[in-house]
1. If a residue must be assigned to a helix (DSSP H, G or I) and either open to solvent by 90 Å² or more (accessible area, probe 1.4 Å) or modelled with pLDDT of 85 or more (or both), how many such residues does region 39-82 contain?
2. Any chance you could count how many residues in region 123-141 are exposed (fewer than 12 other Cβ atoms within 10 Å of the Cβ) and touching a Ser or Thr at 6+ places or on another chain (Cβ under 6 Å)?
3. Regarding region 14-23, can at least one residue be identified that is modelled with pLDDT under 80, of a type in the set (Val, Ile, Thr) and within 28 Å of Trp92 (Cβ to Cβ)?
4. Every residue in region 110-134 that is part of a loop (DSSP other than H, G, I, E, B) and either among the basic types (Lys, Arg) or without any contact (Cβ under 8 Å) to a residue 12 or more places away in the chain (or both), please.
5. Could you give me the residue pairs with C-beta distances under 9 Å whose first residue belongs to region 54-76 and is touching a residue at least 24 places away in the same chain (Cβ under 8 Å) and within 11 Å of Val124 (Cβ to Cβ), whose second residue is open to solvent by 40 Å² or more (accessible area, probe 1.4 Å) and among the charged types (D, E, K, R) wherever it lies, and which are 6+ apart or on separate chains?
6. Of the conditions (1) exposed (fewer than 13 other Cβ atoms within 10 Å of the Cβ); (2) within 26 Å of Pro122 (Cα to Cα), Cys4 fails just one. Which one is it?
7. Going by the structure shown, is Ala107 more than 18 Å from Val124 (Cβ to Cβ), of a type outside the set (Phe, Trp, Tyr), free of Cβ contacts under 8 Å to residues at least 40 places away in the same chain and assigned to a loop (DSSP other than H, G, I, E, B)?
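The values are calculated or read from the model by the stated rules, or taken from the named source; none is laboratory data. None of these values were measured; they are calculated from a predicted model. Counting neighbours? That spans all protein chains shown, and the Cβs are built from the backbone with ideal geometry, glycine included. Surface accessibility is based on the protein's heavy atoms, side chains included, excluding ligands, DNA and RNA. Shrake-Rupley method; radii C 1.70, N 1.55, O 1.52, S 1.80 Å.
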Amino acid sequence: PEACMLACVHGKTSLVMMASYKDFGDAFQHECHTGARTLSQLSHIQCDPNNVERYFALCKDFRLSSIVELFWWNWPLSDPANFLMPEPLHHWYQEFWDHDVQWCMNALGTPELDFCYSFLHPIVGMCNFKDGIMALKQVTG
């Protein structure tokens, strides 16, 4: 899920191949899903992103996550299929949870940290922590 979010593709979609979850495991060799392809698909969406319902529907046709401006679009040699490998993502995620969140807990306290997370604006397709994050039973896989 983290890789799909960073690659700006819809969940249950491969970030390296043009395949959805329904295609996983089939014998067909799917085309590569490159950053250039994602940018090209976004350029074909002729809709005001502020018209959220229509924009989301058009993005769904391309299996995109409805993000308007990709943070990596002008980075040299940046292609999510190349730089978003599972192992580094796992380590970054663990770094966040095991170190950054723990530091914030010590600095702010658990109630204040939960309060901050509860006020984050909900984003379609992403988790929303209306009760905070400290009561989570599982935070990885």
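1. 16
2. Going through region 123-141 one residue at a time, the tally reaches 1.
3. Yes, some residue in region 14-23 is modelled with pLDDT under 80, of a type in the set (Val, Ile, Thr) and within 28 Å of Trp92 (Cβ to Cβ).
4. Selection gives Phe119, Leu120, His121, Pro122, Ile123, Cys127, Asn128, Lys130.
5. Cβ pairs passing all conditions: Ser66/Lys60.
6. (1)
7. no
Residue-by-condition table, conditions (1) surrounded by 12 or more Cβ atoms within 10 Å (Cβ to Cβ); (2) at pLDDT 85 or above:
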position	(1), (2)
Leu84	yes, no
Gln94	yes, no
Asp100	no, yes
Cys104	yes, yes
Leu108	yes, yes
Leu113	yes, yes
Cys116	yes, yes
His121	no, no
